[in-house]
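A quick write-up on the structure given underneath.
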Amino acid sequence: MMTILQVILAAVLVAVAVNFVFYAGKNERVLAIDAHQDFIVRYPRVFLWLAVVFFCFLSCVLLFLLVWHRLGWISIILLSVLTACGVYVLLLALVWRIKVFAEYIVTYSVFGVKKQVYYKDIKRVAVTKKLFFLETALKKYRFSANVVYREELLIRLRENHVNIERYL
């Protein structure tokens, strides 16, 4: 009887978490900006909420394993790998961004490494439905095409005579 209640409780918690993430993803409030002013390209805030829900799930799993004394080496390794994946998504939401200025862009990696790239150093840009490729003289950047202010970034790149290839 207790196992049935635990399964029902877990199913309800998963349904609430999924509903919350979908709600957060649909209600992203992004200000309309002018493509000629400075702005920041970032991942949607749904990544942050997804990471929060994921860490709550991991905390519950850890608590259940501790209560029932089933915390073995395999469980520790699995929780560590899942935590590393969650930290990556959290860092995407909080740290990764591209600041777009009139003469150049500044990129911030997941680990906070900052690089300044002038528009003349950008060799090509390719945009697909899901990915955004930005190739410079020193490095190739690849990120999701669902970032906030993607079209404004493309307008700014086009104004600075960067070759943009679009694939549908």
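The rows are residues; the columns are (1) more than 16 Å from residue 43 (Cβ to Cβ); (2) among the basic types (Lys, Arg); (3) touching a Cys at 6+ places or on another chain (Cβ under 9 Å).
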| position | (1), (2), (3) |
| --- | --- |
| 72 | yes, no, no |
| 87 | no, no, no |
| 95 | no, no, no |
| 104 | yes, no, no |
| 124 | yes, yes, no |
Which condition number does residue 78 fail, the rest of (1) at pLDDT 80 or above; (2) closer than 22 Å to residue 143 by Cβ being met? (2)
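Of the residues that sit in segment 20-63 and are modelled with pLDDT of 70 or more and of a type in the set (S, T, N, Q), which one is nearest to residue 90 (Cα to Cα)? Give the steps one after another, and end with the answer.
Going through segment 20-63, the residues modelled with pLDDT of 70 or more turn out to be 31-63.
Remaining after also requiring of a type in the set (S, T, N, Q): 37, 59.
Numbers: 37: 28, 59: 16 Å.
Checked segment 20-63; the qualifying residue nearest to residue 90 (Cα to Cα) is 59.
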So residue 99 ticks every box in (1) over 25 Å from residue 9 (Cβ atoms); (2) modelled with pLDDT under 85 but one. Which box is left unticked? (2)
Being more than 14 Å from residue 35 (Cβ to Cβ) and open to solvent by less than 40 Å² (accessible area, probe 1.4 Å): is that true of residue 134 here? yes
Single residue of 63, 79, 92, 71 found to be under 16 Å from the mean Cα position of the chain (by Cα) and among the hydrophobic types (A, V, I, L, M, F, W, C): 92
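Of everything in segment 81-99, what is among the β-branched types (Val, Ile, Thr) and open to solvent by 30 Å² or more (accessible area, probe 1.4 Å)? Give them in sequence order. Steps first, please.
In the first step, residues of segment 81-99 are kept if they are among the β-branched types (Val, Ile, Thr); the result is 81, 83, 87, 89, 95, 98.
Matches in segment 81-99: 81, 83, 87, 89, 95.
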Which of (1) open to solvent by 70 Å² or more (accessible area, probe 1.4 Å); (2) free of Cβ contacts under 8 Å to residues at least 40 places away in the same chain; (3) in a loop (DSSP other than H, G, I, E, B) is the odd one out, the single condition residue 66 does not satisfy? (3)
Examine segment 109-130 for a residue that is of a type in the set (S, T, N, Q), surrounded by 12 or more Cβ atoms within 10 Å (Cβ to Cβ) and free of Cβ contacts under 8 Å to residues at least 12 places away in the same chain, and state whether such a residue exists. no
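The values are calculated or read from the model by the stated rules, or taken from the named source; none is laboratory data. Predicted model only: the values in this text are computed from it and were never measured. Every residue, glycine among them, receives a Cβ derived from its backbone with ideal geometry; neighbour counts consider all protein chains shown. Surface areas here come from the heavy atoms of the whole protein model, side chains and all, with no ligands, DNA or RNA. Shrake-Rupley method; radii C 1.70, N 1.55, O 1.52, S 1.80 Å.
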